[in-house]
1. Hey, T105 hits all of (1) open to solvent by less than 20 Å² (accessible area, probe 1.4 Å); (2) under 28 Å from the mean Cα position of the chain (by Cα) but one; which does it fall short on?
2. Across region 327-358, which residue is modelled with the lowest pLDDT among those that are of a type in the set (S, T, Y) and either exposed (fewer than 14 other Cβ atoms within 10 Å of the Cβ) or in contact with a Ser or Thr (Cβ under 7 Å, 6 or more places away or on another chain) (or both)?
3. Hey, could you check region 76-95 for residues that are β-branched (V, I, T) and part of a loop (DSSP other than H, G, I, E, B) and say which is nearest to C118 (Cα to Cα)?
4. Would you mind finding the one in N361, N324 that is more than 24 Å from E384 (Cβ to Cβ), modelled with pLDDT under 90 and either open to solvent by 70 Å² or more (accessible area, probe 1.4 Å) or in a loop (DSSP other than H, G, I, E, B) (or both)?
5. Which one of these is surrounded by 12 or more Cβ atoms within 10 Å (Cβ to Cβ) and at pLDDT below 85: R41, R62?
6. Being in contact (Cβ under 8 Å) with a residue 12 or more places away in the chain and assigned to a loop (DSSP other than H, G, I, E, B) is true for just one of A400, A377, A381. Which residue is that?
7. Residues to consider are E293, E317; find the one that is modelled with pLDDT under 70, under 16 Å from the mean Cα position of the chain (by Cα) and charged (D, E, K, R).
8. Please count how many residues of region 65-81 are among the hydroxyl-bearing types (S, T, Y) and open to solvent by 30 Å² or more (accessible area, probe 1.4 Å).
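The values are calculated or read from the model by the stated rules, or taken from the named source; none is laboratory data. Everything numeric here is computed off the predicted structure, so don't read it as measured data. Because the Cβ atoms are built from the backbone with ideal geometry, glycine has one as well, and the counts that use them run over all protein chains shown. We work out accessible area using only protein heavy atoms, side chains counted, and drop any ligands, DNA or RNA first. Shrake-Rupley method; radii C 1.70, N 1.55, O 1.52, S 1.80 Å.
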Amino acid sequence: MAPSTKDPDLSTSARRDGERQRAYVVHPRLHAARGPDAPRRTAEASLAEAVGLAQAIDLDVRQAEVVPVHTVHPKTFLGEGRVTSMTGLVAEERIDVTIFDGPLTGVQQRNLEKALNCKVIDRTGLILEIFGERARTREGALQVELASLQYQRGRLVRSWTHLERQRGGFGFLGGPGETQIEADRRHIDDRIKRIKRDLDSTKKTRSLHRENRARVPWPVVALVGYTNAGKSTLFNRLTQADVFAANMLFATLDPTMRAIELPSGRKAILSDTVGFIADLPTELVAAFRATLEEVLQADLILHVRDVAHPDSEAQREDVLAVLNDLGVSSDNQNRALEVLNKIDLLPSEERQHLDNALARNPNQIAVSAVTGENLGALYKAVEERLGATREVIDVDIPLADGATLAWIYEKGVVQERLDDEGVAHIKVGLSPADRSEEHTSELQSRLHLVCRLLLEKK
């Protein structure tokens, strides 16, 4: 008998208050690709990550499996026989939501829902649901809502309103208020426009905050990395802060900044950003671009990696791909440093092999954010890199030229100053942002004026 396409009976499918929704996680393993298109991680590792994503929003994963796919079917992605076997499992386990760890079209999602008689979401929908629950600041909430609306706009499919909302998020897991197929697309477009206006306002506010920080000659160090690599734990260890950190995917989303003091006594600003993940939805990358501008403006980027993870190298490539998409080149060695975290979890043999490799690679530092091991070497490396990113120049400025003196102190780090016969001889370091074309032109114009004034004085 063909499965019913109507909503399941509430008496058999609805959950008691407080009971977790039951999930079935499926990872499609496409026919093995060769060459550069071959997957960087195993299907089993990808499935484990998808299960972790589901558990990150407290879903009760009752079944998880890798499904071989030789040919992608346009109607349901999977073959008819596989869909039939999945239907029986969904009914037996009383599954509320099936998570498809891959991209689904709106048509494929709708057809699978009809066949399985339960809610179906793909990887993008799951990640957006997590982000919707975790965002705490107004800016973060707006960014996630924008991404979710852009995602929903092209797939206005019928909803499963019998599933009660038991968490935050954006309704991909079902519940009252979910978008219906008759929803007005123009209403979504209007909401997207309003959110973009609000984000422009918050972006201006963030820009003002960045300008205020620029007036304080402290360099910015940004932490980036794959989700659950230990960025927040390292952030707490370095700043003595109490940012939420847990052993789960996307434990924190909103950026946090704190001041740190380097061994020389010099101050710096440490920024913790959202974690990256494989196949991060393009809607989210675009929505979070304003937040990730902190990375673009940073003097130094610390790429935190979970060196104990079996897919550490694949995770590294995923992070570098997102950074390159944002315009941050990984070729500038002075601006990027890899921090190999969680060395306390490595077996002794692997640890010895890692130590031998690091002896030949000055661009990597191995630490443990939990135990604090080797953090002294990390501090030292950060200070050395920050010094290397600043170009030191010598300028002579008349003491009467207060505007130029103020500009120098605002934009650079004054290392030495000697006042002699009405002239300030200054050695100043400028960051990459200060050495941008716009700033350099402004400085050259001021120095040209200074030279003219000195000549006239003589």
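1. Going through the list (1) open to solvent by less than 20 Å² (accessible area, probe 1.4 Å); (2) under 28 Å from the mean Cα position of the chain (by Cα), T105 breaks only (1).
2. Checking each candidate, the answer is S329.
3. I95
4. Working: N361 fails: more than 24 Å from E384 (Cβ to Cβ).
The conditions single out N324.
5. Among R41, R62, only R41 is surrounded by 12 or more Cβ atoms within 10 Å (Cβ to Cβ) and at pLDDT below 85.
6. On the way: A377 fails: assigned to a loop (DSSP other than H, G, I, E, B); A381 fails: assigned to a loop (DSSP other than H, G, I, E, B).
From the options A400, A377, A381, the qualifying one is A400.
7. Answer to the selection: E293.
8. Counting residues in region 65-81 that are among the hydroxyl-bearing types (S, T, Y) and open to solvent by 30 Å² or more (accessible area, probe 1.4 Å) gives 1.
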